[in-house]
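Inspection log for the structure reproduced underneath, given as structure tokens.
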Amino acid sequence: MKKNKLNLGLFLVIASAIVLFSVVTVSADVVLQVPSSTVNSTVTAIVTMNATNSSLMDGDGEQMLNCLFYVGSSSTANTTWTLLGNFSNSTASASEIIGTNDTTTLEDANDYQFNATCYFTNGSILSVVNTGITVDNFVPNAPTTLTPTSDADGAFTYSGAVNGSSTTACTLRFRGINPGASSYAMTHSGNLCTYAATSTPEAIYTWVIEASDGTNLTNSSTQQVNVDIKTSSGKKALLEGQQTTTSGTGLSSGLGGNIAGIPIWILVLATVVVVVVVIAKRK
């Protein structure tokens, strides 16, 4: 029984080593030469995709039959892998498979991944992914239909209409006076960019919406919003604070203040009483 267990264990170790060796050996068989994962790697219009079978060049007999090229980006409306095409080997001795695709059908972004999934004559399927690739065919349209122009309670939503197919992000930017920061990241959904503002102080703010495709920036026309708080509790408290005189040892305007903690009107009344009494005694 021990001998059988030993043989089984040895078999599993050897089998695991073979599988591991196979994975290590074939994992480098496919190289996606183009597009490459280089800094600022940018593709426009018609892109040529090139998957190379390095093992065939080494002479081990593995031949690629076909490769499926995919593309994906987390910044675009479609965040799943999109098939660009299925391209076959042109000759029996070819060491690479080349495919082309019109990238103008893709939304511009600077975080694309290109995938080559290739099938071999020995039945193996290998994939390779290149990352950090920019697709740049268009410039974002300027945001339009900007709102709001005024507000009465400090809570409202900035918004602008954009072309969703050429926009991946929007930024709300203030020129001059700002409500706390000079810029805010907006929510981009479809053909609309929005930012919900709360507790905005009273002022006239000048702002623009900046549309981006990851590479190019386009600003909207300049807009103004007049925040004039009419009935909020914040403004009521501000007005009450301005009407309340300061306490302490100093003098305050009117008779609603204090001197040494004593209301002024009491001191004035006491003074009048004293004066009246003194005058009465003299008579």
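Please treat every number below as a calculation from the coordinates, not as lab data. Everything quoted here is computed from the prediction, not taken from an experiment. Glycine gets a Cβ as well: all are built from the backbone with ideal geometry, and neighbour counts include every protein chain shown.
Quick notes on this one:
- Cut-off 11 Å between beta-carbons: net charge of the residues surrounding N219, Lys and Arg +1, Asp and Glu -1: +1
- Computed label-point distance, nm, for sites L269 and N78 using a 7 Å Cα→Cβ extension: 8.3
- Inverting the pair-averaged 1/r between distinct Cα atoms of the range 144-233 gives 13.3 Å as its Kirkwood hydrodynamic radius.
- What you get for the range 144-233, charging only the Cβ of Lys and Arg (+1) and of Asp and Glu (-1), is a dipole of about 100 debye around the Cα centre.
- Take 180-188, 130-138, 158-166 and order them by the average number of nearby Cβ atoms within 10 Å per residue, most first; the result is 158-166, 130-138, 180-188.
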